[in-house]
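Take a look at the structure below.
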Amino acid sequence: MDEPLSLAGDELRRLGYRVVDLVADHLAGLRDEPPVRTGERAALEALLREPVPEGPGDVDAALDLLVDEVLANMQHGDHPRFFARVPSPSNGVAALGDALAAGFNVISASWAGGSGPAVLELVVLDWLRELCGLPDGTEGIFLSGGSVSALTALAVARTERGGDTAYVSDQTHASNVRALRVLGVPHIRVLESDAAFRLRPEVVREAIAEDRRAGRRPFCVVATAGTTNTGAVDPLGELADLCAAEKLWLHVDGAYGAPAALTARGRALLAGAERADSLSLDPHKWLFQPYEAGCLLVRRPAALQRTFAMAPEYLRDVLGDEVNFRDRGPQLTRGARAIKLWLSFKAFGVAAVRAGIERGMALAERAQAALEAAGGWEIVTPAQLAIVTFRREGDDARNQALVEAAVADGYAAPSSTGLRGRTGLRLCTINPRTTGAEIDETVARLSSLARAG
Ligand SMILES: *Cc1c(COP(=O)(O)O)cnc(C)c1O
């Protein structure tokens with residue numbers, strides 16, 4: 001008798017090899033495809049909607065349908081000419097790590113449930129801590145991404161400091177404001193950034209004083225180490241001084257930019273990030289991991305546990321040097337996102353990761369130089385942390401139309417962004433597999449679309 005819900009004989013092996021081939025072929029051929037393809041809902045529904053399958057079906061045909069119709073209609077964040085929003089220049093080895101984790105159905109919730117995965121997670125967290133310059137003793141956890149990291153960090157900030165008022169800038173990623181709202185923080189102060197899109201410590205200081213006079217209780221400042229919009233870095237050292245003087249929690253949102261700290265240049269730009277009470281970073285962005293992988297580091301030992309520990313009888317197990325990640329964050333059952341990052345570091349070494357990050361910054365500088373050489377473009381914010389923003393003379397609609405025309409052209413995908421109320425174009429060049437020639441050609445095509453439009 002065959003086992004329930006299992007394939008007969010060597011069928012799993014055959015399908016598994018086929019899946020590996022599909023992935024390897026996809027990655028090898030990515031450059032020849034457009035970076036984004038968006039389907040029509042009605043057409044996709046016509047292909048996919050059907051009654052729940054009652055009996056067994058043809059898995060090969062199902063895989064074909066997935067690859068040809070489902071996976072074909074999406075953005076490829078790992079495409080070398082995907083420059084929109086924040087790319088996810090993943091790597092194949094990490095995908096194998098994810099596959100292995102799924103295949104072994106790894107759980108990293110409790111010590112008893114997964115001591116091996118728990119220690120691996122501790123090791124990788126400590127690597128990231130060291131690379132970002134935080135002190136020994138800092139604790140952390142892998143989460144789904146920057147949004148859940150923000151929610152986790154700000155919940156801890158509130159438990160540790162107590163209070164009702166938090167500060168963000170008008171460039172802070174919206175996920176932080178959402179997290180504060182979800183946490184029920186009554187006063188969320190959105191402060192105006194300066195001409196370089198940075199949060200000014202004086203502005204924060206004044207707002208704190210004003211709030212204290214009004215009887216509010218400030219507890220947290222959210223600073224950004226690399227804004228999603230322009231790559232701007234808030235003055236982290238000064239904000240750390242201010243938070244220390246005012247006894248506020250400093251959360252540094254490094255979801256986008258924190259990995260730049262692996263490079264000498266990035267470390268200088270991000271100086272002060274290592275003084276954060278909590279620092280978030282997204283390995284699924286600039287650490288070349290597939291979705292999902294976020295990470296939160298918290299300087300104060302046991303602060304995560306004070307917010308998140310739960311100890312009903314049925315979950316209690318032996319205490320000691322055992323780590324239960326369920327007590328460090330909002331998830332009980334959780335997978336092992338550290339595995340893919342660990343495998344990538346083991347396969348390539350951190351020097352290759354560092355070089356990849358360095359290259360992303362250089363590519364944005366090359367794009368800026370090409371835009372300046374082409375003429376007709378205003379550089380709105382110069383290349384910083386691998387992001388350059390620019391616009392064409394004319395109204396917002398024209399700039400928006402340019403982005404859409406570029407994406408429709410299918411060669412490269414820039415995105416649009418709002419900068420001081422004006423629409424501009426934006427390239428985020430963190431994919432180390434992007435060639436210089438591809439940057440030049442992207443700029444050449446944008447220039448010819450602009451001349452034609
Ligand atoms: C992407 C991003 C986030 C949100 O991260 P998700 O992984 O998309 O949830 C938060 N902050 C910054 C600065 C980001 O770039």
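The values are calculated or read from the model by the stated rules, or taken from the named source; none is laboratory data. This one's a predicted model, so the numbers in the text were calculated from it and none came from an experiment. FYI the Cβ positions are ideal-geometry reconstructions off the backbone, even for glycines, and counts take in every protein chain you see. Accessible surface areas use protein heavy atoms only, side chains included; no ligands, DNA or RNA. Shrake-Rupley method; radii C 1.70, N 1.55, O 1.52, S 1.80 Å.
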*Might you check whether a residue that is buried (at least 24 other Cβ atoms within 10 Å of the Cβ), touching a Lys or Arg at 6+ places or on another chain (Cβ under 7 Å) and farther than 18 Å from THR263 by Cβ occurs anywhere in the stretch 367-389?*
yes
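Within the stretch 235-253, how many residues turn out to be within 18 Å of LEU385 (Cβ to Cβ) and either surrounded by fewer than 22 Cβ atoms within 10 Å (Cβ to Cβ) or within 11 Å of the ligand (Cβ to nearest atom) (or both)?
Our first condition is that a residue be within 18 Å of LEU385 (Cβ to Cβ); within the stretch 235-253, this holds for 235-237, 239, 252-253.
Those left that are additionally either surrounded by fewer than 22 Cβ atoms within 10 Å (Cβ to Cβ) or within 11 Å of the ligand (Cβ to nearest atom) (or both): 235, 237, 252-253.
The number of residues fulfilling the criteria is 4.
Quick one: which helices (runs of 4 or more DSSP H) sit completely within the stretch 1-72 and have at least 2 residues that are out of contact with any Pro (no Cβ under 8 Å at 6 or more places or on another chain) and under 30 Å from GLU404 (Cβ atoms)?
Details: elements: 11-29, 41-48, 59-65.
Filter on the stretch 1-72 gives 11-29, 41-48.
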*Verdict on ALA311 being at pLDDT 95 or above and over 22 Å from the mean Cα position of the chain (by Cα)*: no
*Tally the residues that are open to solvent by 60 Å² or more (accessible area, probe 1.4 Å) and within 16 Å of the ligand (Cβ to nearest atom), restricting the search to the stretch 162-192.*
7
*Residue tally, condition in a loop (DSSP other than H, G, I, E, B) and within 16 Å of the ligand (Cβ to nearest atom), over the stretch 73-101*: 11
*Do we find a residue being within 15 Å of PHE82 (Cα to Cα) and among the acidic types (Asp, Glu) anywhere in the stretch 380-398?*
no
*Could you say whether any residue in the stretch 279-295 is open to solvent by 10 Å² or more (accessible area, probe 1.4 Å) and more than 23 Å from ARG433 (Cβ to Cβ)?*
no
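For the stretch 112-130, give me the residue count where each residue is more than 16 Å from the ligand (Cβ to nearest atom) and buried (at least 20 other Cβ atoms within 10 Å of the Cβ). Step through it out loud before you land on a result.
Filtering the stretch 112-130 down to residues more than 16 Å from the ligand (Cβ to nearest atom) leaves 112-127, 129-130.
If we keep only those that are buried (at least 20 other Cβ atoms within 10 Å of the Cβ) as well, we get 114, 117-118, 121, 124-125, 129.
Number satisfying all stated conditions: 7.
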*With (1) within 16 Å of the ligand (Cβ to nearest atom); (2) without any contact (Cβ under 8 Å) to a residue 60 or more places away in the chain; (3) not acidic (Asp, Glu) as the list, and PHE104 as the residue in question, which single condition is left unmet?*
(1)
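Got a number for residues in the stretch 134-147 being more than 16 Å from the ligand (Cβ to nearest atom), open to solvent by 30 Å² or more (accessible area, probe 1.4 Å) and in contact (Cβ under 8 Å) with a residue 12 or more places away in the chain? First the steps, then the outcome.
Residues of the stretch 134-147 more than 16 Å from the ligand (Cβ to nearest atom): 134-139.
Adding the requirement that they be open to solvent by 30 Å² or more (accessible area, probe 1.4 Å) leaves 135-137, 139.
Applying the additional criterion that residues be in contact (Cβ under 8 Å) with a residue 12 or more places away in the chain yields 135, 137, 139.
Residues meeting the conditions: 3.
Can you tell me which residue in the stretch 1-41 is farthest from the chain's Cα centre (by Cα), limited to those that are over 16 Å from ASP60 (Cβ atoms) and open to solvent by less than 70 Å² (accessible area, probe 1.4 Å)? Give the derivation first.
Just the residues of the stretch 1-41 that are over 16 Å from ASP60 (Cβ atoms), to begin with: 1-6, 24, 26-41.
Remaining after also requiring open to solvent by less than 70 Å² (accessible area, probe 1.4 Å): 6, 24, 29-30, 34-36, 39.
Values: SER6: 36, ALA24: 24, GLY29: 25, LEU30: 21, PRO34: 22, PRO35: 19, VAL36: 19, GLY39: 25 Å.
Looking at residues that are over 16 Å from ASP60 (Cβ atoms) and open to solvent by less than 70 Å² (accessible area, probe 1.4 Å), I get SER6.
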*Just to be sure, is THR159 β-branched (Val, Ile, Thr) and open to solvent by less than 30 Å² (accessible area, probe 1.4 Å)?*
no
_Test: ASP277 is more than 12 Å from the ligand (Cβ to nearest atom), closer than 25 Å to ARG354 by Cα and within 21 Å of the chain's Cα centre (by Cα)_ = yes
*Could you tell me whether any residue of the stretch 289-299 is more than 20 Å from the chain's Cα centre (by Cα) and either within 14 Å of the ligand (Cβ to nearest atom) or touching a residue at least 24 places away in the same chain (Cβ under 8 Å) (or both)?*
yes
*asked:* I need every pair where a residue in the stretch 237-266 that is aromatic (Phe, Trp, Tyr) has its Cβ under 9 Å from the Cβ of a residue that is in a helix (DSSP H, G or I) and crowded, with 21+ Cβ neighbours inside 10 Å, sequence separation at least 6 or different chains.
replied: TRP249/ALA153; TRP249/LEU154; TRP249/VAL156; TRP249/ALA157; TRP249/CYS243; TYR256/GLY146; TYR256/LYS285; TYR256/TRP286
_Filter result (of a type in the set (S, T, N, Q) and surrounded by fewer than 18 Cβ atoms within 10 Å (Cβ to Cβ)) within the stretch 416-453_ = THR435, SER448
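Condition check: over 20 Å from THR152 (Cβ atoms) and touching a helix residue (DSSP H, G or I) at 6+ places or on another chain (Cβ under 8 Å). Does ILE208 satisfy that?
Values: over 20 Å from THR152 (Cβ atoms): yes; touching a helix residue (DSSP H, G or I) at 6+ places or on another chain (Cβ under 8 Å): yes.
Here the answer is yes, as ILE208 does meet what is asked.
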